[in-house]
Amino acid sequence: MSKKNIPDSRGFVYSTNPNFSFEREETEIVTLSAAQQKLRILLDKKQRGGKIVTLITSFIGKDDDLQELGKKLKTVCGTGGSAKDGEILVQGDQRDKVLQWLLKNGYNNTKKV
């Protein structure tokens, strides 16, 4: 696909001007330190077929760092889960384990909701 036909965030889809090109705004995402993260831990079962998951939200940073934190939390809890879109899902009611681990590892602004 040519660069002329790629949609962008401003709503442009196609241009008839042969010299037109999209100028994408690329910003560098920086992962906040553990002390600056304001994570929220909550229990969720919406649209999950009645299954309960522990949801960790409000992570600010790169997707690789989110994946790494999710992997550590799943290992600590001994369960499965996923990490995407700034949220970490850990299967089951693991709020206490997750909160203890996060506080022990410097995530001091973490709240259990």
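Among 84, 112, which is the only one that is touching a helix residue (DSSP H, G or I) at 6+ places or on another chain (Cβ under 8 Å) and surrounded by 14 or more Cβ atoms within 10 Å (Cβ to Cβ)?
112
Inside the range 87-98, can you point out the residues that are open to solvent by 40 Å² or more (accessible area, probe 1.4 Å) and touching a strand residue (DSSP E or B) at 6+ places or on another chain (Cβ under 7 Å)? I'd like the intermediate steps shown before the answer.
Residues of the range 87-98 open to solvent by 40 Å² or more (accessible area, probe 1.4 Å): 87, 91, 93, 95-97.
Once the filter is applied, which keeps residues that are open to solvent by 40 Å² or more (accessible area, probe 1.4 Å) and touching a strand residue (DSSP E or B) at 6+ places or on another chain (Cβ under 7 Å), the range 87-98 yields 87, 91, 93, 95.
So, in the range 46-75, exactly how many residues are of a type in the set (A, V, I, L, M) and more than 27 Å from residue 29 (Cα to Cα)? Walk me through how you get there before you give the answer.
Here is the first cut: in the range 46-75, the ones of a type in the set (A, V, I, L, M) are 52-53, 55-56, 60, 66, 69, 73.
Remaining after also requiring more than 27 Å from residue 29 (Cα to Cα): 52-53.
Summing the residues that are of a type in the set (A, V, I, L, M) and more than 27 Å from residue 29 (Cα to Cα) in the range 46-75 gives 2.
In the range 29-39, is there at least one residue being at pLDDT 95 or above and more than 13 Å from the chain's Cα centre (by Cα)?
There is no residue in the range 29-39 that is at pLDDT 95 or above and more than 13 Å from the chain's Cα centre (by Cα).
Would you confirm whether or not the range 18-36 contains a residue that is of a type outside the set (S, T, N, Q) and in contact with a Pro (Cβ under 9 Å, 6 or more places away or on another chain)?
Checked against the condition, which is being of a type outside the set (S, T, N, Q) and in contact with a Pro (Cβ under 9 Å, 6 or more places away or on another chain), the range 18-36 yields at least one hit.
Anything in the range 30-81 that is closer than 22 Å to residue 108 by Cα, aliphatic (A, V, I, L, M) and either exposed (fewer than 15 other Cβ atoms within 10 Å of the Cβ) or in contact (Cβ under 8 Å) with a residue 40 or more places away in the chain (or both)? List them, or say none.
30, 32, 34, 35, 39, 41, 42, 43, 56
The values are calculated or read from the model by the stated rules, or taken from the named source; none is laboratory data. Treat the numbers as computed from the prediction; the structure is a model and nothing was measured. Backbone-built Cβ (ideal geometry, glycine too); neighbour counts: all protein chains shown. Ligands, DNA and RNA are stripped out before the accessible areas are found, and what is left, the full protein with its side chains, is counted by its heavy atoms. Shrake-Rupley method; radii C 1.70, N 1.55, O 1.52, S 1.80 Å.
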